[in-house]
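Novice: First the structure, which I've put down as structure tokens, then a few questions once you've had a look.
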Amino acid sequence: MHLTMLSRDMLARLSSEQEGPLVSLYMSLGEDGGVKGHEKRLGIMLAEAEKQLHAVGLSPKGCTQFLAPAKAHAASLDPAKGDRTLALLLSPSSFFSFTLPHSVADFLQIGAHFCIAPLLPYLHKNGECHILAVTKKHARLLHVTAQGMQEVAVDNMPRNFDETVAGDEVQK
């Protein structure tokens, strides 16, 4: 699906996927290489995904079945459409394919959740959004556009969890 706008329902579905492992694959569709070149690069990325899936416990047959929809998708690549990035998100029971009109660096992640950050600019029509990213060690505000993500400097913003709760009593 050519992605121009991401619905909140689709975002919720992608964010709530829990049946793992989950594969997130983003591949740029630059003008070099043409269809055959893209098929070859996708094959290389899928071979790496297969290796990583095997490392997390999938059998060779299980890896082949898991990645079958993505391998079949390689035949439908058409960089002439003006798409700049192919996004494939796979779980044991789901397969999502998007083409994006902006470039994203090649990226492969096998994990407990999908990497959806490159899709977030399409959540709103103007292609921009903000993300508050908070972990125990870091807190950041990110401005996301079709061109990428940039950290936004915020005066007096706590930089981590300890600064956030400093001076507050925590009830147990």
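Novice: Among the residues that make up the stretch 10-30, is at least one of them touching a helix residue (DSSP H, G or I) at 6+ places or on another chain (Cβ under 7 Å) and in a helix (DSSP H, G or I)?
Specialist: Yes: the stretch 10-30 contains one or more residues that are touching a helix residue (DSSP H, G or I) at 6+ places or on another chain (Cβ under 7 Å) and in a helix (DSSP H, G or I).
Novice: Identify the residue in the stretch 44-75 that is part of a helix (DSSP H, G or I) and β-branched (Val, Ile, Thr) and, among all such residues, is nearest to Ala112 (Cα to Cα).
Specialist: Per the stated criteria, the residue is Thr64.
Novice: Quick one: in the stretch 17-31, of everything that is of a type in the set (Gly, Ala, Ser) and at pLDDT below 85, which residue is least open to solvent (accessible area, probe 1.4 Å)?
Specialist: Gly30
The values are calculated or read from the model by the stated rules, or taken from the named source; none is laboratory data. What you see is a predicted model; the values in this text were computed from it and never measured. Using ideal geometry, Cβ is built from the backbone for each residue, glycine included, and neighbour counts are taken over all protein chains shown. Accessible surface is based on the protein model in full, side chains and every heavy atom, while ligands, DNA and RNA are left aside. Shrake-Rupley method; radii C 1.70, N 1.55, O 1.52, S 1.80 Å.
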